[in-house]
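Taken together, the values in this text are just the output of simple stated rules run on the coordinates, not laboratory data. Since this is a predicted model, take the numbers as computed values, not measurements. All Cβ positions, even for glycine, are placed from backbone atoms using ideal geometry, and neighbour counts span all protein chains on display.
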Amino acid sequence: MVTMDRADEDRDGGQASRGDHYAIPLECVPAREATGFVVSLRHSGAPAFKGRWSANYVCGRCGAVLCDGIRPGLFVGIIFQCLCGQYGRVPVPPG
């Protein structure tokens, strides 16, 4: 698991979370399309990343938290495999 502290947030222009995080569901992809950089959480169940930003990346199938306290747009293009087996691609943020 990767953890970012306050110094990392300030350097990267992040913003500390205030209150509840909101969920960003990952785009479900079939296993045959899960190519490139894949982070598997199949045997852990714990989020791959913990930070202090305002959003969580969640599995598009079961809703499990895969990255906790992220900044939207972080890890774009990376695919995560959830404990439930679903592969999910980090979406490009709107705007």
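Here's the yes/no breakdown for (1) surrounded by 15 or more Cβ atoms within 10 Å (Cβ to Cβ); (2) small (Gly, Ala, Ser); (3) within 12 Å of residue 78 (Cβ to Cβ):
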site: 21; (1), (2), (3): yes, no, no
site: 33; (1), (2), (3): no, no, no
site: 49; (1), (2), (3): yes, no, yes
site: 52; (1), (2), (3): yes, no, no
site: 60; (1), (2), (3): yes, yes, no
Per-region count, the range 36-52, residues over 17 Å from residue 92 (Cα atoms) and either in contact with a Lys or Arg (Cβ under 8 Å, 6 or more places away or on another chain) or not small (Gly, Ala, Ser) (or both): 9
Filtered residues of the range 61-87 (kept if in contact with a Lys or Arg (Cβ under 9 Å, 6 or more places away or on another chain) and among the small types (Gly, Ala, Ser)): 69, 77, 85
Unmet criterion (only one of (1) surrounded by fewer than 20 Cβ atoms within 10 Å (Cβ to Cβ); (2) not in a loop (DSSP other than H, G, I, E, B)) for residue 76: (2)
In the range 42-73, the residues that are in contact (Cβ under 8 Å) with a residue 24 or more places away in the chain, outside any strand (DSSP E or B), closer than 23 Å to residue 32 by Cβ and of a type in the set (A, V, I, L, M, F, W, C): 48, 59, 62
Matching residues, the range 80-95, being surrounded by 16 or more Cβ atoms within 10 Å (Cβ to Cβ) and in a loop (DSSP other than H, G, I, E, B): 82, 83, 86, 90, 91
Test: residue 42 is surrounded by fewer than 17 Cβ atoms within 10 Å (Cβ to Cβ) and either touching a Ser or Thr at 6+ places or on another chain (Cβ under 9 Å) or basic (Lys, Arg) (or both): yes
